[in-house]
Amino acid sequence: MQQLIGTGVALITPFNTDFSVDADGLKNVVNYQIDGGIDYLVVLGTTAEAATLNKEEKELVIQTVIEANAGRLPLVLGVGGNNTAEVVEELKTRDLSAFVAVLSVSPYYNKPTQEGIYQHFKAVAEASPVPVILYNVPGRTASNMLPSTVIRLAKDFKNIVAIKEAAGDIVQAMRLIQYAPEGFLVISGDDMITLPMVLAGGAGVISVIGEGFPKEFSRMVRLGLERKADEAYKLHYLLADSIDMIFEQGNPAGIKHVFKELGVCGDTVRLPLVNVDDDLGERLGDFVAKIR
């Protein structure tokens with residue numbers, strides 16, 4: 001899965017001020033990623049506020065991204081949830097011909113055991129017509145997919161090809177890198193530890209901050225993959241403060257404000273999320289001006 005090495009970004013869903021999907025803004029976001037050197041795009045992930053989109057809106061987002069991308073970059077689709085049967089049904093019925101893989105989050109809220117997580121992804125793997133990227137994000141799901149479970153899945157199902165590891169635990173990430181089968185990709189889901197993970201043998205990142213600063217962040221990842229650590233860390237430290245800021249009051253409120261400052265699209269979010277406050281907005285604006 002060479003297409004998944006490097007920098008992917010979890011696309012936001014821009015909204016108009018009336019909270020409808022801003023298709024033109026989404027096209028701007030897609031083109032901004034491509035112009036900035038991003039390697040692949042992830043559609044309808046957590047950052048897309050997918051939990052607040054209805055079925056028709058999700059279809060609009062998918063078709064808008066496919067149209068704007070026009071085959072230029074590989075696309076990954078978020079297909080996950082805490083109802084295994086519903087996820088399986090979507091995988092069996094959705095047209096996935098435009099996508100190189102699906103990103104499937106570990107079941108949230110239910111807090112399954114490790115065996116429950118394994119059985120969930122066994123069903124996902126058996127249903128999916130395209131490769132599967134596991135997504136471990138304990139801060140959102142309230143359960144951690146342990147390396148032993150990931151490695152078991154990777155060995156048992158050839159179409160489980162990667163994990164987006166977002167536990168924020170560099171030791172856990174290194175264990176995944178150390179013990180995963182050959183060819184299985186360990187992808188960072190935590191912007192702050194992306195570079196250490198890449199230097200330890202990770203395959204890259206599915207990023208949020210990279211969406212706002214694609215040129216700088218994707219160059220950092222490439223330098224890391226080339227083992228040019230000193231150059232890469234200069235870019236890491238250039239962006240480090242902004243990584244903290246965009247998550248300070250929730251994702252994607254922070255990164256959407258960055259896009260507003262950049263003039264790419266508006267910063268409207270849907271409840272229960274709210275816009276960043278004036279203090280954070282001013283600090284993000286100052287940071288964008290500095291990078292520019």
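The values are calculated or read from the model by the stated rules, or taken from the named source; none is laboratory data. What you see is a predicted model, and the numbers here were worked out from it, not measured in a lab. Using ideal geometry, Cβ is built from the backbone for each residue, glycine included, and neighbour counts are taken over all protein chains shown. Areas reflect the complete protein model, heavy atoms only, side chains present, ligands, DNA and RNA absent. Shrake-Rupley method; radii C 1.70, N 1.55, O 1.52, S 1.80 Å.
DSSP finds beta bridges in the chain, and of those with both partners inside it, around 5 percent are antiparallel.
Here the chain is assigned +1 on the Cβ of each Lys and Arg and -1 on the Cβ of each Asp and Glu. Its dipole about the Cα centre then comes out at about 920 debye. What the range 118-158 shows is 41 Å² of accessible area per residue, with the surface traced by a 1.4 Å probe over protein heavy atoms. Take every pair of alpha-carbon atoms less than 8 Å apart whose residues are at least six positions apart; their mean separation over the length of the range 1-159 yields a relative contact order of 18 percent.
Each residue was assigned an accessible area with a 1.4 Å probe, and for K260 the value is about 110 Å². Free of any GluC sites (Glu not before Pro) that DSSP assigns to a loop and that have at most 14 other C-beta atoms within 10 Å, the longest stretch within the chain is 1-181.
Could you check how much of the accessible area of the range 196-279 is carbon and sulfur, as a whole percent, using a 1.4 Å probe? Summing carbon and sulfur atoms, their accessible area is 51 percent of the total for the range 196-279. Sequence-distant contacts, meaning Cα pairs under 8 Å at least 6 residues apart, place the relative contact order of the chain at 19 percent.
Solvent exposure of the range 1-105, expressed per residue, is 41 Å² of accessible area, with all protein chains present and a 1.4 angstrom probe.
Taking the protein heavy atoms of the range 52-96 in the context of the full set of protein chains, the accessible area attributed to carbon and sulfur is 46 percent at 1.4 Å.
One Cα centroid belongs to the range 83-117, the other to the range 173-193; the line between them spans 20 Å. Over 22 Å between Cα atoms: which of K111/K158; K55/K92; K164/K260 fall into that group? The pairs that break the limit, which is 22 Å between Cα atoms, are K111/K158; K164/K260. Counting only aspartates and glutamates at least 8 places from K256 when in the same chain, those with an alpha carbon closer than 12 Å to its own are E49, E211, D267.
Here the simple spin-label model places points 7 Å from the Cα toward Cβ, and for T52 and L199 these points are separated by 3.7 nm.
Summed over the residues of the range 236-292 and divided among them, the accessible surface reaches 48 Å² per residue at a probe radius of 1.4 Å.
Here the relative contact order of the range 117-212, from alpha carbon pairs under 8 Å that lie six or more residues apart, stands at 23 percent. A helix-only calculation puts the chain at -15000 deg cm²/dmol for mean residue ellipticity at 222 nm, using -39500 (n - 2.57) for each DSSP H run of at least four residues, averaged over all residues. For K27, the aspartates and glutamates whose Cα comes closer than 13 Å to its Cα, not counting residues fewer than 8 places off in the same chain, are D35, E67. Classification of the chain by its C-alpha gyration tensor yields an oblate form. The axis ratio a/c (a ≥ b ≥ c) is 1.5 or more, and b/c is at least a/b.
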